[in-house]
């Protein structure tokens, strides 16, 4: 970007510092001095006078673009790899930001080569320990969650279907679920996820790696985690009054993810608790970073 744009007087770059996505240690990362293109070590927490210039890569026909051309997203082409992979820089700077607010542990997987920026960015964002693999719990999964919240008076959806018109919901003050709840009625949602670890990594009630609460351990190495609080106050199960079928058998712990995907995949489905759970993403819950700002940019 410095060599093919800034040094050629293209792109309105300033002669100041710009963050790269390359980590050096747990506390430092690489910034580039755009007056001469030199890499310099800087504290990850630093933000004063360190600019951001997001980039993306895409494929197109050979010779579709030249260096310095305006790319398909309105940015500037700053590198071409193999004739068909193009790298495009955002047309203007973003405001100053710290590289990351996590400065007590090293990511260890970032690289400095061309082509690694997107994976570097993902690694930086995911360092917070969050996750985006959440789903709507099945009947038994919801029951295990409910055991941690017996004082709650709210009604929560499970991903277990009863019939074409109804699904199973659970009021947390009750020891038994409500099997015949109309799908188009609105109730609360708690999302959960499962992950594999080592025996003894977590116990029931511990805080899991995505910031949630461990509510079930299966076989000693499969852990189930839910996010405390409500991810929705009132949302329908589905507006589709046709039976899916497979989720009616999906009551056991371990079936919630498949149930969720089956609900979302039903013909005509657009809005509902399963989609909210599947779309839930708390990856960024404990981190802010230059990488996140760039990743969230829409052009």
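Points worth noting:
- In nm, spacing of pseudo-spin labels at residue 119 and residue 185 (7 Å Cα→C-beta vector): 5.0 nm
- Listed from fewest to most Cβ neighbours within 10 Å, the set 162, 175, 84, 28 follows the order 175, 84, 28, 162.
- Entry note, the chain: the mean residue ellipticity at 222 nm calculated from DSSP H runs of n ≥ 4, each adding -39500 (n - 2.57), is -4000 deg cm²/dmol after division by the residues and rounding to the nearest 500.
- The alpha carbons of region 139-279 occupy a box of 44, 29, 23 Å along the principal axes, longest dimension given first.
- Taking all Cα pairs closer than 8 Å and separated by 6 or more residues, the relative contact order of region 145-299 comes to 22 percent.
- Relative contact order, percent, the chain [alpha-carbon distance under 8 Å, six or more residues apart]: 18 percent
- Each residue in 296, 201 was given a count of other beta-carbon atoms within 10 angstrom of its own, and listing them fewest first yields 296, 201.
- What the Cβ-Cβ distance of residue 150 and residue 92 gives, at R0 = 41 Å and to the nearest 0.05, is a FRET efficiency of 0.15.
- Cα-based Kirkwood hydrodynamic radius, the chain, one decimal, Å: 21.8 Å
- Proxy reagent accessibility, fewest Cβ within 10 Å first, across 70, 236: 70, 236
Bear in mind that the values in this text are calculations on the coordinates, not laboratory data. This structure is a prediction, so every number in the text was calculated from the model and none was measured. We place every Cβ from the backbone using ideal geometry, glycine too, and count neighbours over all the protein chains shown.
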